[in-house]
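For reference, the structure discussed in these notes is given below.
The values are calculated or read from the model by the stated rules, or taken from the named source; none is laboratory data. It should be emphasised that the depicted structure is a prediction, and the values quoted were computed from it without experimental measurement. Neighbour counts run over all protein chains shown; Cβ positions are idealised from the backbone, glycine included. To get the accessible areas, we keep the full protein, side chains included, count just its heavy atoms, and leave off ligands, DNA and RNA. Shrake-Rupley method; radii C 1.70, N 1.55, O 1.52, S 1.80 Å.
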Amino acid sequence: QQLLTASGRAIAFDVGDRRWEGLSAYGIGRIRSCRGDYRGAVTEERAALRLIERDGNRVEIAKVCTGLGGNLYELGRFREAEGVLGRAMEEARAAGAAGVLSIAVYNLGSLQWKAGRYKDAMPIYAEGMDLNEGLEQYDKAGECAAWYAACAARLGMRDVSEDGFRTAESLLARVRVPALRVKALRELADAE
């Protein structure tokens with residue numbers, strides 16, 4: 001798969017199509033990320049962003065920034081990740097790309113959680129919960145609700161935390177795909 005994507009990038013370069021070259025670089029980055037090669041993914045996704053920015057397609061920029069931010073997060077480069085995810089959210093909002101926005105929001109919430117900024121993470125997770133519920137992605141909405149509740153617990157807000165966990169359980173009860181339900185229940189368990 002990576003070989004085909006690399007071939008596509010080479011062909012796009014040869015014909016001078018920077019947009020497709022950028023999308024191919026992004027594809028290579030996603031493959032590297034899935035394999036745990038976060039450094040390689042960051043290199044490819046930075047190149048992809050430079051190429052895609054020339055075209056100015058906000059949805060594509062938001063997608064690349066979301067992936068890049070997630071990989072920077074995996075490398076522990078939180079400050080860089082926060083900036084890139086902020087841009088992803090801005091571009092996704094401007095383009096009306098709710099699905100991309102929901103992923104960027106979740107990644108930014110996770111970054112805030114990892115950094116111990118629970119108060120900052122709460123409104124981000126609340127936004128993610130609302131976005132995903134609106135998209136009928138109840139597994140992701142439930143995960144956001146669970147992490148919202150976990151943040152509240154860390155801040156000593158017991159009632160808010162208990163309400164958040166009940167909301168998470170209610171959302172997860174609406175998940176019909178077994179694999180998504182199991183993954184979301186694991187997130188709920190981690191958060192609790």
* Given charges of +1 on the Cβ of Lys and Arg and -1 on the Cβ of Asp and Glu, with all other atoms neutral, how large is the dipole of the chain about its Cα centre, in debye to the nearest 20? -> 420
* To do: Find the Cα radius of gyration of the chain, compare it with 2.2 N^0.38 Å by division, and give the number to two decimals.
  => 1.09
* Structure fact -> Projected area averaged over all directions for the convex hull of the alpha carbon atoms of the range 109-192, nm², comes out at 4.6
* **Contact order relative to length of the chain, as percent, for alpha carbon pairs under 8 angstrom and 6 or more apart** => 12
* Structure fact -> Rounded to the nearest 10 Å², the accessible area of D55 using a 1.4 Å probe with every protein chain kept is 80
* Structure fact -> Expressed in nanometres to one decimal, the distance between label points 7 Å along Cα→Cβ at R93 and A189 is 3.6
* With charges only on Cβ, +1 for K and R and -1 for D and E, what is the dipole size of the range 83-192 about its Cα centre, in debye, rounded to 20? -> 240
* To do: Have a look at the range 62-154 and give its Rg and Dmax from the Cα atoms, expressed in angstrom.
  => 12.1, 35
* Asked: Between R174 and R39, what is the label-to-label distance in nm when each label sits 7 Å out along the Cα-to-Cβ direction?
  -> 4.4
* Asked: Across all directions of projection, what mean area in square nanometres is found for the Cα convex hull of the range 27-99?
  -> 4.3
* **the range 87-94 - phi-based ³J(HN,Hα) in whole Hz, Karplus 6.51/-1.76/1.60, Gly and Pro as x** => 5, 4, 5, 4, 5, 5, 4, 4
* Asked: Of the accessible area of the chain, with the probe set at 1.4 angstrom, what percent is carbon plus sulfur?
  -> 51
* Asked: How much length is gained if the chain between R117 and D163 is pulled fully straight, taking 0.36 nm per residue apart and subtracting their Cα-Cα distance, in nm to one decimal?
  -> 14.5 nm
* Asked: Between rounded, prolate and oblate, where does the range 98-138 land on the alpha carbon gyration tensor, with a ≥ b ≥ c its root eigenvalues, rounded for a/c under 1.5, else prolate if a/b exceeds b/c?
  -> prolate
